[in-house]
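The values are calculated or read from the model by the stated rules, or taken from the named source; none is laboratory data. All of these numbers come straight from a predicted model, not from anything done at the bench. Cβ atoms come from the backbone with ideal geometry, glycine included; neighbour counts cover every protein chain shown. The area values use the complete protein model at the heavy-atom level, side chains included, leaving out ligands, DNA and RNA. Shrake-Rupley method; radii C 1.70, N 1.55, O 1.52, S 1.80 Å.
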Amino acid sequence: MSRPDAGSGRFLLVLGILFVAAALRAPFTSVGPLLGLIRDDLGLTNTLAGFITTLPLLAFALLSPFAPQLARRYGLGNILLLAMLALSIGILLRSAAGVVTFFTGTALIGLAIAVCNVLLPGLIKGRFPARIGLLTGMYTVSMNLCAAAASGFSVPLAGIAGFGWRGTLSLWFIVAALSTVFWIPQMKNLVQGNGTRSAAASVNIWRSPLAWQVTLFMGLQSLLYYVLIAWFSVILSERGMSSGHAGWILSLMQLAQLPFTFFVPLWAGRLKNQRGLVLITSILFFLGILGIWLGSSGWMALWAVCIGIAGGFAFGLAMMFFSLRTRTFQEASELSGMAQSVGYLLAAAGPALFGLLHDATHSWNAPLALLAAASLLLFVVGMGAGRDRYVGEQR
């Protein structure tokens with residue numbers, strides 16, 4: 001019998017990973033440009049509107065540590081298929097009438113994405129150990145390409161008569177449903193394949209200083225990303241930019257990520273350490289946030305590109321750290337679960353705190369100063385995470 005990752009089976013597995021990745025960020029990024037409409041239609045405060053982004057991040061934090069254990073007990077393919085079904089249902093619930101169904105669907109979306117976020121990096125390490133950088137790059141590009149499209153088309157689609165924000169958000173059910181259907185052929189391969197029911201991690205990830213540095217790097221880059229996804233368009237609109245133009249600026253920010261989410265994992269995998277890439281990441285984040293804070297509206301496209309490139313570097317590095325700082329599939333999954341649990345718990349505070357600070361100060365100065373400080377802290381923890389070491393080593 002041929003190896004399950006050979007030939008057509010391997011090709012189908014790669015396509016399955018890319019299809020699932022395509023559905024993992026668009027349900028979030030489609031909300032940011034429509035946040036004002038959603039807030040006004042549902043009668044939400046700015047703080048509660050920020051919670052629209054915070055709630056799924058809390059779901060990430062809740063479920064991420066348990067995803068590797070669920071995969072070991074019930075099978076990786078089964079858990080991923082169940083997660084995609086939950087994602088599809090959550091998208092439909094979020095678009096139904098009422099505040100309760102909106103937030104219920106949002107929470108379900110977060111729980112489903114948490115499982116996929118944790119397990120896919122480990123799957124890549126276990127099934128494609130010689131091509132971790134390439135597959136991670138393809139995975140992140142698929143994710144971010146759909147994310148950028150969601151940001152750019154949300155406002156124009158919502159403007160179509162009778163469509164509105166509910167119809168726009170419900171469109172991503174199609175992508176999630178197609179991804180679910182496409183994942184079904186992977187079930188047999190993943191049950192037979194190696195690395196799906198491996199033993200527990202050989203080290204205690206939670207006691208590793210290096211694992212904590214990777215976790216904080218993941219959390220800070222996520223905080224920066226999700227705050228900007230939620231509020232960048234609102235900031236631009238309050239400065240006089242049309243909602244459609246603001247949505248395309250947000251889309252530009254995400255499009256700027258795309259080449260770097262592909263090339264940075266390849267680049268990182270060939271370097272002895274990744275500290276130079278961390279330095280570039282932090283500088284670009286700091287310059288972009290400073291530009292939004294103090295710059296004129298005419299330069300917002302430039303600052304959006306700076307932040308987009310920084311985000312591409314940061315996300316690519318975070319995904320690669322799960323593989324580069326571990327020796328086995330299970331260690332990679334455990335580190336991914338830890339980093340995305342604690343990391344997203346840190347990130348969850350971002351959008352709501354950002355809105356709360358704005359409500360309290362009636363200004364964007366304090367919230368943007370907080371983001372600038374986060375970009376500097378990202379550099380500090382990233383220099384530790386970028387060292388040429390494995391979790392569990394004492395040197």
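From the list Leu284, Leu294, pick out the single residue that is touching a Leu at 6+ places or on another chain (Cβ under 9 Å) and open to solvent by 10 Å² or more (accessible area, probe 1.4 Å). Let's see the steps before the verdict.
On the way: Leu284 fails: touching a Leu at 6+ places or on another chain (Cβ under 9 Å).
Just a single option satisfies the conditions, and that option is Leu294.
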Checklist entry - If we scan segment 232-248, do we find a residue that is assigned to a helix (DSSP H, G or I) and under 24 Å from Ser64 (Cβ atoms)? => result no
Checklist entry - Could you list, in sequence order, the residues of segment 96-114 that are open to solvent by 10 Å² or more (accessible area, probe 1.4 Å) and either on the phi > 0 side of the Ramachandran plot or of a type in the set (A, V, I, L, M) (or both)? => result Ala96, Ala97, Gly98, Val99, Val100, Ala107, Leu108, Leu111
Item to check | Residue selected from segment 297-337 under the condition touching a residue at least 12 places away in the same chain (Cβ under 8 Å) and among the aromatic types (Phe, Trp, Tyr), by the criterion most open to solvent (accessible area, probe 1.4 Å) | outcome: Trp303
Item to check | Subset tally (residues that are part of a helix (DSSP H, G or I), farther than 30 Å from Gly32 by Cα and either modelled with pLDDT under 85 or of a type in the set (D, E, K, R) (or both)) for segment 249-277 | outcome: 2
Item to check | Set Ser202, Ser198: member being open to solvent by 30 Å² or more (accessible area, probe 1.4 Å), modelled with pLDDT under 60 and not hydrophobic (A, V, I, L, M, F, W, C) | outcome: Ser198
Next on the checklist: With modelled with pLDDT of 80 or more and open to solvent by less than 20 Å² (accessible area, probe 1.4 Å) as the only criterion, which of Ser208, Ser237, Ser242 stands out?
Outcome noted: Ser208
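With out of contact with any Cys (no Cβ under 7 Å at 6 or more places or on another chain) and either acidic (Asp, Glu) or modelled with pLDDT under 85 (or both) as the only criterion, which of Leu93, Leu57, Leu85 stands out?
Details: Leu93 fails: either acidic (Asp, Glu) or modelled with pLDDT under 85 (or both); Leu85 fails: either acidic (Asp, Glu) or modelled with pLDDT under 85 (or both).
The conditions single out Leu57.
State which residue is farthest from the chain's Cα centre (by Cα) when the search covers only segment 375-395 and only residues that are small (Gly, Ala, Ser) and open to solvent by less than 30 Å² (accessible area, probe 1.4 Å).
Here is the first cut: in segment 375-395, the ones small (Gly, Ala, Ser) are 375, 382, 384-386, 392.
Retained after the next criterion (residues that are open to solvent by less than 30 Å² (accessible area, probe 1.4 Å)): 375, 382, 384-386.
Values: Ser375: 17, Gly382: 18, Gly384: 22, Ala385: 19, Gly386: 20 Å.
Filtering segment 375-395 for residues that are small (Gly, Ala, Ser) and open to solvent by less than 30 Å² (accessible area, probe 1.4 Å), the one farthest from the chain's Cα centre (by Cα) comes out as Gly384.
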